[in-house]
Amino acid sequence: MNTIALGPSFLDPDKLISTFGLIGILVIVFAESGLLIGFFLPGDSLLFTTGLLVSDGKYISQPLWLVCLLLWIAAVLGDQVGFLFGRKVGPSLFNRPDSRFFKRENVEKAHEFFEKYGPRSIVLARFVPIVRTFTPIVAGVARMRYRTFVVYNVVGGFLWACGVTLLGHSLGQVRFVRDNIEFILVAIVLISVIPVAIELLRARSASRKRAARDRAESAPGRGRNRASDDRP
């Protein structure tokens with residue numbers, strides 16, 4: 001099965017799976033779920049491709065139920081590590097300087113996502129690239145109740161790791177999907193970034209409105225009128 005690399009060739013799901021097998025998949029899912037350096041990894045397309053390859057047994061010989069269980073555990077443990085890291089690092093994370101593998105804007109986006117959806121963000125973020133890596137860290141920084149985090153983490157990890165893998169396995173039985181797998185993977189990535197695109201557009205629109213309002217308030221005429229209105 002040949003797929004289109006949706007980024008650098010070394011991140012092509014088919015190549016990753018054929019090279020590292022199930023162990024490599026588990027490490028990637030763990031890293032993307034809660035390590036700062038894992039935000040660029042191809043989680044959604046990797047899980048989907050894993051489901052496809054389980055169905056033909058070419059690179060993954062383990063049964064589907066075991067693969068899903070191990071992926072679920074890896075996803076949950078990744079978020080646990082991210083949460084504990086956030087608790088340990090605390091607010092200083094937001095003051096950390098940008099580097100090649102760290103951008104503060106990614107943490108800020110995850111923070112906005114967490115503030116908007118509350119505990120549900122732990123589940124919803126699983127399906128949003130980049131945000132899913134930083135949300136458990138932000139939850140730790142925000143001192144979210146640990147018991148609540150664990151519940152949402154277990155549920156979110158199951159829906160994402162098992163759900164996307166089972167979807168890939170089910171659709172892998174359809175000949176049209178197998179014959180057009182490269183376009184299916186592209187579609188998955190595009191669909192997964194829609195929420196991010198919407199939030200970026202909303203943030204940009206809000207920023208433009210604030211800038212326009214600030215310019216209007218700082219205009220000389222507006223300032224004089226406001227000053228005259230304040231006179232007795």
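The figures follow:
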| item | result |
| --- | --- |
| Heavy atoms of Glu32: accessible area, 1.4 Å probe, square angstrom to 10 | 0 Å² |
| Under the Karplus curve 6.51 cos²θ - 1.76 cosθ + 1.60, θ = phi - 60°, whole-Hz ³J(HN,Hα) for the range 72-85, x wherever Gly or Pro sits | 4, 4, 4, 5, 5, 5, x, 5, 4, 5, x, 4, 5, 5 |
| Largest-first ordering by accessible area, 1.4 Å probe, given options Lys15, Lys109, Lys209 | Lys209, Lys15, Lys109 |
| Which of Arg132, Arg175, Arg143, Arg210 is most accessible, then next, and so on - probe 1.4 Å | Arg175, Arg143, Arg210, Arg132 |
| Efficiency of FRET between Asn180 and Ala212 - r from beta-carbon atoms, R0 41 angstrom, step 0.05 | 0.35 |
| Exposure ranking of His169, His111 by accessible area [1.4 Å probe, largest first] | His111, His169 |
| Virtual spin-label span in nm between Ser205 and Leu159, 7 Å along Cα→Cβ | 2.5 nm |
| Across Lys109/Lys209; Lys88/Lys116; Lys15/Lys88; Lys116/Lys209, pairs whose alpha-carbon gap is larger than 26 Å | Lys15/Lys88 |
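The values are calculated or read from the model by the stated rules, or taken from the named source; none is laboratory data. The model shown is predicted, which means the values in this text are computed figures rather than measured ones. We place every Cβ from the backbone using ideal geometry, glycine too, and count neighbours over all the protein chains shown. Surface accessibility is based on the protein's heavy atoms, side chains included, excluding ligands, DNA and RNA. Shrake-Rupley method; radii C 1.70, N 1.55, O 1.52, S 1.80 Å.
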